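The values are calculated or read from the model by the stated rules, or taken from the named source; none is laboratory data. As the structure is a prediction and not an experimental result, all values here were calculated from the model. Here the Cβ positions follow ideal geometry from the backbone for every residue, glycine too, while neighbour counts run over all protein chains shown. Each accessible area value is taken on the protein alone, full model and side chains, heavy atoms only, with ligands, DNA and RNA left out. Shrake-Rupley method; radii C 1.70, N 1.55, O 1.52, S 1.80 Å.
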Amino acid sequence: MDGSAVRATALAAGALLLLAGCSSGGSGGSGGDGPDGPDGPGRGERAASSAPVGQRPEAEVPYWVDPDSTAAREAVVYADRGDLKSARLLRKIAEQPAASWIGPDDPRARAEAVTTAATEAHRDALLVLYNIPHRDCGQYSKGGAADGDAYRTWIDEVAEGIGARRATVILEPDAVLHLADGCTPEAFREERYGLLGAAVERLGRQPGTSVYLDAGNPGWRTPDALFEPLRRAGLAQADGFAVNVSNFFPTAESVDFGKRLSARVGGKPFVIDTSRNGNGSYTSGDPGENWCNPPGRALGEAPTVRTGDPLVKAYLWIKRPGESDGECRGGPRAGEWWAEYAVGLARNGA
């Protein structure tokens with residue numbers, strides 16, 4: 001999985017270089033219209049690409065748009081180069097709210113910075129907590145807290161950083177799935193259930209915080225295999241669960257999967273990550289690697305709470321489009337910015 005960097009103006013300058021998403025700010029080329037291309041140097045268009053990023057209508061999506069995200073900064077870089085086509089495409093990413101991933105370093109300061117910036121903009125923060133011990137089974141995003149005590153302290157610090165401000169938390173992508181598929185070593189399984197349940201309970205004490213426990217995707221275990229692990233991980237005390245985090249399954253498939261799972265867990269609602277599912281899943285490569293920087297993918301539905309279904313609380317951009325899944329298919333480390341991939345997602349989602 002990934003992380004992200006958020007810099008909430010002066011408040012969070014330099015404070016949100018996250019675990020798996022310290023955005024490199026790289027400027028990998030992607031082609032497009034140069035200074036002498038069809039779009040020309042267009043001062044007006046260049047100014048539009050460099051204009052401050054604003055918030056989306058609150059009734060449509062209440063979550064904060066980071067005006068200083070990597071995508072927003074990169075759009076300015078491309079505009080200044082005269083590559084207005086790529087700048088326009090990056091603005092498509094920059095203008096939507098995307099989750100801020102909180103890793104091991106300075107969790108209180110990071111959570112406080114993001115939630116404060118969101119509150120000042122009259123919006124809610126969208127956070128992903130990603131620090132469970134023995135994370136990602138030693139794959140591209142391996143790591144996490146040193147042990148259970150360190151994790152509990154970390155969760156306390158995140159909760160204190162959130163305070164009474166409004167936030168939606170996506171809790172620990174893959175943590176339950178790696179219990180269900182046996183990837184987590186037997187010696188650590190009971191501890192992980194306890195840590196997740198305690199995290200749900202601790203975060204739930206914050207008056208403005210909603211918690212959604214990650215529940216995988218339609219291609220990774222069935223609802224019948226997941227409902228008991230989710231129950232043991234504290235789903236009953238959570239506000240719901242999340243589907244398709246950092247993956248590419250079409251929204252319709254994710255809705256069907258989520259509804260079948262919801263029926264097994266007491267009718268809990270759910271949210272869907274639509275950040276990169278516009279062209280659905282990639283099926284032409286090694287099935288074991290089709291989740292990692294697959295080619296030809298596209299931005300999915302824009303974030304919204306207007307899903308037309310009471311069980312589906314929101315479509316969200318939980319994975320930040322443009323941040324790598326890992327060092328596969330030429331990508332940088334997990335969570336690092338990959339400009340070429342970002343431009344491709346936006347172009348294909350046009």
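Can you find, within the stretch 329-343, the residue that is modelled with the lowest pLDDT among those that are hydrophobic (A, V, I, L, M, F, W, C) and open to solvent by 10 Å² or more (accessible area, probe 1.4 Å)?
ALA334
Pick out the one residue from LEU179, LEU196, LEU171 that is aliphatic (A, V, I, L, M), out of contact with any Gly (no Cβ under 8 Å at 6 or more places or on another chain) and buried (at least 23 other Cβ atoms within 10 Å of the Cβ).
When all the criteria are applied, what remains is LEU171.
Please specify each residue of the stretch 129-169 satisfying the condition of being at pLDDT 95 or above, under 22 Å from PHE188 (Cα atoms) and among the hydrophobic types (A, V, I, L, M, F, W, C).
LEU129, ILE132, ALA150, TRP154, ILE155
If you scan the stretch 242-292, which residues turn out to be among the hydroxyl-bearing types (Ser, Thr, Tyr), more than 14 Å from TYR315 (Cβ to Cβ), out of contact with any Pro (no Cβ under 6 Å at 6 or more places or on another chain) and surrounded by fewer than 23 Cβ atoms within 10 Å (Cβ to Cβ)? Walk me through it before giving the result.
Initial filter on the stretch 242-292 (among the hydroxyl-bearing types (Ser, Thr, Tyr)): 246, 251, 254, 262, 274-275, 281-284.
With more than 14 Å from TYR315 (Cβ to Cβ) added as a condition, the list becomes 246, 262, 281-284.
After this cut, where a residue has to be out of contact with any Pro (no Cβ under 6 Å at 6 or more places or on another chain) as well, the list is 246, 262, 281, 283-284.
Scanning the stretch 242-292 gives SER262, SER281, THR283, SER284.
With ALA87, ALA15 as the choices, which residue is among the hydrophobic types (A, V, I, L, M, F, W, C) and modelled with pLDDT of 50 or more?
ALA87
Looking only at residues in the stretch 167-186 that are small (Gly, Ala, Ser) and farther than 15 Å from ALA111 by Cα, which one is farthest from the chain's Cα centre (by Cα)?
Step by step, filter the stretch 167-186, then rank; the result is GLY182.
ALA145 is checked against (1) touching a helix residue (DSSP H, G or I) at 6+ places or on another chain (Cβ under 6 Å); (2) in a helix (DSSP H, G or I); (3) small (Gly, Ala, Ser) and fails just one. What number does that condition carry?
(2)
Can you tell me which residue is nearest to ASP66 (Cα to Cα) among those in the stretch 131-168 that are crowded, with 19+ Cβ neighbours inside 10 Å and of a type in the set (A, V, I, L, M)?
By that ranking, first place goes to ALA167.
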